[in-house]
Amino acid sequence: MDAALDVLRMIRFTGGIFLDAEFSAPWCVAAQVTPADCRPLTPVPQGILAYHYVSAGRLLLQVESGSPVAVPAGHIVLLPRNDPHLLGSELGGRPVSVDHLLQPVIAGGPAHIVYGGGGDTTRLLCGFLYSEMPCHALVGMLPRVMTLDVAEGAAGAWIESSFRFAASELTAGTVCSPALLARLAEMLFIEAAQRYLACLPPEQRAWIGGLRDPYVSRALTQLHDTPERHWTTQALARHVGLSRSAFAERFTELVGVPPMRYLAQLRMQSAACRLRETLTPLSRIALEAGYDSEAAFSKAFKRTFGMPPAAWRRAQQSLEEYRGATDECDP
């Protein structure tokens, strides 16, 4: 994990809180951080990471057709790729766009929303992070949704109390320090990413060391940004400005596998994530993974995971249902 920690420490994030929201059940909204949300706080950034801190109540969050994620009070939910998402006490109704609910901004403070049917209340602070250092390869390996209990860890009590203090100041109409909240959110993102990477098997995090090399880092960024492209080692070498042999040797030494084998593994990992978290048709997943036919994709997937993608998806769904039933039975 030393390489992972080095990379995470190199990526200095900035950002801020742009929304203080109070919802009452039943409610359901569609959300995504936009450049307009960021513009009052910073020049319009690229590569936004979105987050929500739930200071009271609970909510459900869903990205595309993935499974809803429950987020209780005291937790932060991070969206490393800033995917459009639904938030709500329940997600079955027609969502309202957050943009239609925004109230006038108090000078120097975040936008404000009060919305819902008058039932149980949920309060959340919504913010964003970004880095001027390219980190597409790192972000591309993270799940679309990450949750973290801010009370966990050695500094958990201090982080939780700081967020709660910020929430109470906003409730009282006092403008708190956006720099402090951005720093807290940065710490929580790094903590969440570190925990996730620590759980990966060694072969799936060998690539992290390559991010410290400018040539390999640019190649990894291209692979993660457009894995469906028909890449060759020669094309990657040309893109980063090295000869084919020098690039292949450098990439293999730092990442642990040759470029095209890494790309094949990346495509399979991405496809497995799509199968597990969404209801996207196999034909579309195959195309996104860079395969010209569903049959070719199924063959490659079975070679990697031991079963065809449709069967693997069903097995994952059954496992999630079993875990859900087990959680309900726990005292």
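The values are calculated or read from the model by the stated rules, or taken from the named source; none is laboratory data. Note that this is a predicted model, so its numbers are computed, not measured. Here Cβ is always computed from backbone atoms with ideal geometry, including for glycine, and neighbour counts include all displayed protein chains.
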- Query: Which of the following residues is at pLDDT below 90, under 19 Å from the mean Cα position of the chain (by Cα) and loosely packed, with under 15 Cβ neighbours inside 10 Å: S65, S161, S168?
  - Reply: S65
- Message: Among the residues of region 190-197, are any polar (S, T, N, Q) and either surrounded by 21 or more Cβ atoms within 10 Å (Cβ to Cβ) or modelled with pLDDT of 70 or more (or both)?
- Response: yes
- Item | Members of region 239-252 found to be among the small types (G, A, S) and surrounded by 15 or more Cβ atoms within 10 Å (Cβ to Cβ), listed by number | A248
- Item | Enumeration of residues in region 200-224 that are modelled with pLDDT of 80 or more and of a type in the set (V, I, T) | V216
- Query: Can you name the number of the only condition in (1) without any contact (Cβ under 8 Å) to a residue 24 or more places away in the chain; (2) not in a helix (DSSP H, G or I) that V257 fails?
  - Reply: (1)
- Task: Hey, can you tell me all the residues within region 52-73 that are under 15 Å from C28 (Cβ atoms) and acidic (D, E)?
- Result: none
- Which numbered condition D99 misses (of (1) of a type in the set (D, E); (2) under 25 Å from R183 (Cα atoms); (3) over 20 Å from the mean Cα position of the chain (by Cα)): (2)
- Query: Right, T233: in contact (Cβ under 8 Å) with a residue 24 or more places away in the chain and more than 19 Å from the chain's Cα centre (by Cα) or not?
  - Reply: yes
- Task: May I ask you to say which residue of T221, T252 is among the β-branched types (V, I, T), farther than 18 Å from R144 by Cβ, free of Cβ contacts under 8 Å to residues at least 24 places away in the same chain and not in a loop (DSSP other than H, G, I, E, B)?
- Result: T252
- Look at V255 and say whether it is at pLDDT 85 or above and crowded, with 18+ Cβ neighbours inside 10 Å. no
- Query: What number goes with the only condition from (1) farther than 18 Å from G15 by Cβ; (2) at pLDDT 85 or above; (3) touching a Lys or Arg at 6+ places or on another chain (Cβ under 9 Å); (4) not in a strand (DSSP E or B) that V71 does not pass?
  - Reply: (4)
